[in-house]
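The values are calculated or read from the model by the stated rules, or taken from the named source; none is laboratory data. What you are looking at is a predicted structure, and each value in this text was computed from that prediction instead of being measured. Cβ placement follows ideal geometry from the backbone for every residue including glycine, while neighbour counts extend to all protein chains displayed. Each accessible area value is taken on the protein alone, full model and side chains, heavy atoms only, with ligands, DNA and RNA left out. Shrake-Rupley method; radii C 1.70, N 1.55, O 1.52, S 1.80 Å.
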Amino acid sequence: MAASFASGFALSARTVTEFFAASVARNPAAVAVVSGETELTYAELAERSDRLAGHLRQHGVRPESRVAVLLPRSVDYVVAVLAVVKAGGVYVPVDPEYPPERRRYLLADARPVVVLDALPATEDRPEPPPAGGHPLGAAYIMYTSGSTGTPKGVEVTHADIVALTQDPCFAQGHERVLLHSPQVFDASTYELWVPLLRGGTVVVAPPGRLDTERLARTVAEHGVTALWLTAGLFSVMAEHHAEALAGVRQLWTGGDVVSPQAVRRVREAHPDLTVVNGYGPTETTTFAARHPVTGDVGAVVPIGAAMDAMRLYVLDERLRLVPPGVTGELYIAGTGVARGYLDQPALTAERFVADPYMPGERMYRSGDLVRRNADGALEFLGRADDQVKLRGFRIEPAEVEAVLRGHPGITQAVVLARGDRLVAYVVGETEGVREALAQRLPDYLVPSAVVPVEAIPLTANGKVDRAALPDPAAPTGGRAPRTPQEEALCEVFAEVLGVHRVGIDESFFDLGGHSLLATRLISRIRAVLGVELPIRALFQSPTVAGLAGQLQLDVQEDTLGVLLPLRPHGTRPPLFCVHPAGGLSWPYGALLQHLDPDVPLYGLQARGLAGDEEPAASVADMVEDYLAQLRAVQPHGPYHLLGWSFGAVVAHALAERLQELGERTDLLVVIDAVPAKPLPEEAREQIAALEMSKVYLGMLEAFHIDTDGIDEAGLTHEEFLRILSAENTAFATMDERIAEAAMRILQNNVAIGALHRHGRVATDLLIFTATDNGEYVIDPEVWSPYIEGRILHHRVTSSHHALMQPESLRQLGPALAAELRSHHTHHIHSTHRED
Ligand code: ADP
């Protein structure tokens, strides 16, 4: 079959019906479809679909007649779709959950001969239908968001489906394929027809929207061997349910930019599973390009090369081929390019244009910007227009804008994606607008916030000035987070909602969160704080303060203790972070966003922060104190330790002491620090007269506060506290008492640090150095007398104090996470060897 494939001729001469009949003839007793306890063999499915096809013929279904299918995902759905095609008709999936107005629109546009919302209970056997369809006849219509204000129906032919399913890339692993994507999206084309036209089994997932847990269970219980997951879903599965993929041979993902880290995780967990990045618009029958990932995963997962029946061109605006490496727009040609948009000749002519490189053929203008990399694979770079993808849904903001402008009282509207949300800005009356939209549009097209504005701001060249549009949730002056965990929660809320900041008393739902976003929020909380939260908890208390309470993260006393449990859960060895000179380890909370969710994170903080204890008399004393805390959490090595600034001196001393006790430290992470050394006389004087304004400035930066525009000369103690309290960070709640304790600790640490002498420790060292420290750039070699192991060095574009701020962490975080990962695997392997 593959041999005749290259020309595309043999395939385009056959129908879906013929290919299905071949599957039946090959193995009538094989299971064609399974759903829970129900199973149909190929013979049974053929028989049932024949019967229904006859029935449809009796109701007037002829070639090109459309049949709307409003059934939930089920065995009946599979029977219905197959029957429509066998009767020669065209199936049009319509989501039974769509609002009535949307359903009416789709039915009016598709003008179906029959609407199937239940299967007829016929016992009679009508005439067997003719084996239906023509290779170039339409087989289905799927609607996508339309920039003209209404959705457009993409007409796909038998030949298109056949070409997709017979691509050699499905030759492996497609014995049991999961049907779980909404039937109204074209991923279901792959899920349904690849197994049925190749003799595999369709595993029907339970109907309705599945959460990832159910999905994982279905995959494992039914022994699914191949499935499709949109990029977002894939990341969640990779992070939380990788174990459920043990039996999967091929995992197709895409529909949006695929995370390399998620691919890496899945491949590490299951070396025998092939991850394939699948790319393609609905207009080219699910996949136009694919990239099976082999070897190392780089920073970008390419979309790869054309499906065998297709050709891909990267063109400039004059339709000339651009050289490799140069960005151009992707045009797609070959079998699989749909017939066009139903009853929309103008729109069809605009996107389906003549192929200048193959006379007589057409190509589809994708609107996607791509480039060919050094290996010849294509990389996706973004869109040439305003179309967006949100959680896998393709959205034309213009469609939503058109509906908004049709609303009485609204004169102008702009819709755009912010974070994971769709936000509408309107001039006019906003009362009741969201409700009105929800009556007309499917969920994913309803903006989660409708923000009134005086006028739509424009840039000098007349485009909408996105930056000048207000944040949908402007700060309400709500309370700031009180602990590092609340701070982490606020960041997760803001990230998921696409807003700058969130107070701890603001409700997730008031800020535009909806149930789909809620799932994502829960999954991010699990990743960042390592705690499992039922979605119900969010409905009960939808604020940061409320959730922190449920998670028992609200004990402020604990946040001044020596052991600061930033993420006390996870299966891998914890990372212990020793405080910088100021004694607080709260800034390390920002690492949570970057480290793998199964790595527990602890801070070690100076004694005396709560004000009623004496600070340590020497580094050795400090080490004994921290050692007890550390071993209570992790009794034996290998340990992973980290220290920033003064913290590095202590972390090294801790590793040295552990070595004396016969325990190994696998990795010591030093963040911009030098080993302790004796202070010259003049430095001692300098410490005594420490310029407090400099210390305050450094502390502000260390506490994640942007210090641009702060006047150092005027930075008094009062001003320092005022700035802290005005910021939306956990440090805002730091009162006079804690600030003074931190100052005392800082001076003490500088003094005792100078008296410490390092020995030599057998460990690997990972050192990050800040490049923006003026003349004071640290040379990693200063550590080599004290390290017996590898020294790995990374530079970070940052100042010393700003190293825990988001900009710097974007550089430092992934490198640290990767090193922890490789030390972990290394350790597992070396244990095996020692066995
Ligand atoms: P699908 O159901 O395959 O996602 P849609 O028609 O809904 O198809 O969306 C197609 C658009 O989605 C493409 O034009 C492109 O912008 C984006 N897209 C699809 N697959 C990928 C991918 N693997 N990587 C990046 N973007 C993708």
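Quick notes
- Where labels lie 7 Å past Cα in the beta-carbon direction, separation of PHE539 and GLN439 in nm: 2.6
- Compared with the alpha-carbon gap, the fully stretched path from GLN550 to GLU64 is longer by 169.2 nm at 0.36 nm per residue.
- Potential lengthening between THR459 and VAL115 on full extension [0.36 nm per residue; Cα-Cα distance subtracted]: 119.0 nm
- Bridge type composition, the chain - antiparallel percent by DSSP, nearest 5: 50
- Total lysine pairs under 29 Å (Cα atoms) in the chain, excluding pairs fewer than 8 apart on one chain: 5
- Put GLU396, GLU435 in order of accessible area, highest first, and with a 1.4 Å probe you get GLU435, GLU396.
- Of the DSSP H helices in the chain, those with a Cα length along their own long axis of 27 Å or more and a mean Kyte-Doolittle hydropathy reaching -0.5 comprise 736-754.
- Spin-label model, ASP708 to GLU775: label points 7 Å out along the Cα-to-beta-carbon direction sit 2.7 nm apart.
- For the range 70-124, the equivalent ellipsoid built from the Cα gyration tensor has semi-axes of 20, 13, 10 Å, listed from largest to smallest.
- Peptides 275-281, 404-410 ranked from most to least packed, by the mean per-residue count of other Cβ atoms within 10 Å: 275-281, 404-410.
- Accessible area ranking (1.4 Å probe, heavy atoms, ligands and nucleic acids excluded), largest first, for SER693, SER147, SER585: SER147, SER693, SER585.
- Relative to the current alpha-carbon distance between ALA269 and ALA751, full extension at 0.36 nm per residue lengthens the span by 168.7 nm.
- Per-residue [θ]222 nm for the chain (sum of -39500 (n - 2.57) over DSSP H runs n ≥ 4, rounded to 500): -10000 deg cm²/dmol
- Cleavage-rule hits (GluC sites (Glu not before Pro)) in the range 296-379: DSSP loop, at most 15 neighbouring Cβ within 10 angstrom: GLU317, GLU361
- FRET efficiency, ASP510 to ALA762 (Cβ-Cβ, R0 56 Å, nearest 0.05): 0.55
- Where labels lie 7 Å past Cα in the beta-carbon direction, separation of ALA815 and GLU350 in nm: 4.8
- Computed packing ranks the peptides 739-746, 319-326, 150-157 as 150-157, 739-746, 319-326, most packed first, by mean other Cβ atoms within 10 Å.
- Theoretical FRET efficiency, 1/(1+(r/R0)^6), r = Cβ-Cβ of LEU679 and ARG217, R0 45 Å, to 0.05: 0.15
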